[in-house]
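Report on the following structure.
Only the coordinates and a few stated rules stand behind these numbers; no lab work does. Source: prediction; values computed, not measured. Here the Cβ positions follow ideal geometry from the backbone for every residue, glycine too, while neighbour counts run over all protein chains shown.
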Amino acid sequence: AQKIGGLVEIQPLHYGTGNEKYSYRSRALSYYGFKCYNCGYDKDDRMLDVHHIDGDRDNNILNNLQVLCVWCHALETRKNWKRFKD
């Protein structure tokens with residue numbers, strides 16, 4: 001239901017249902033392409049996330065965004081979480 005084209009009422013704001021601030025997902029995918037920056041995964045675009053390099057979800061400029069598959073994104077997020085936690 002959360003997939004693009006699903007029930008708009010429950011879609012996260014970064015799917016474009018919010019204001020321009022949340023359109024970073026579509027802008028990043030359009031600019032960088034539908035391929036993971038780390039491993040090159042490109043089989044199913046539903047498995048691609050957009051990562052905020054500096055960890056600030058309000059900083060949606062293109063050079064702060066990186067297309068990652070869900071697996072690489074999970075690893076990157078956990079690596080950063082550990083760094084910020086310590």
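Restricting attention to the range 50-74, which residues are hydrophobic (A, V, I, L, M, F, W, C) and closer than 14 Å to residue 36 by Cβ? The answer is 50, 65, 67, 68, 69, 70, 71, 72, 74. Cβ contacts < 7 Å: first residue more than 19 Å from residue 75 (Cβ to Cβ), restricted to the range 28-46; second residue loosely packed, with under 13 Cβ neighbours inside 10 Å and aromatic (Phe, Trp, Tyr), any location; separation 6+ or different chain. Result? From residues that are more than 19 Å from residue 75 (Cβ to Cβ), there are no pairs.
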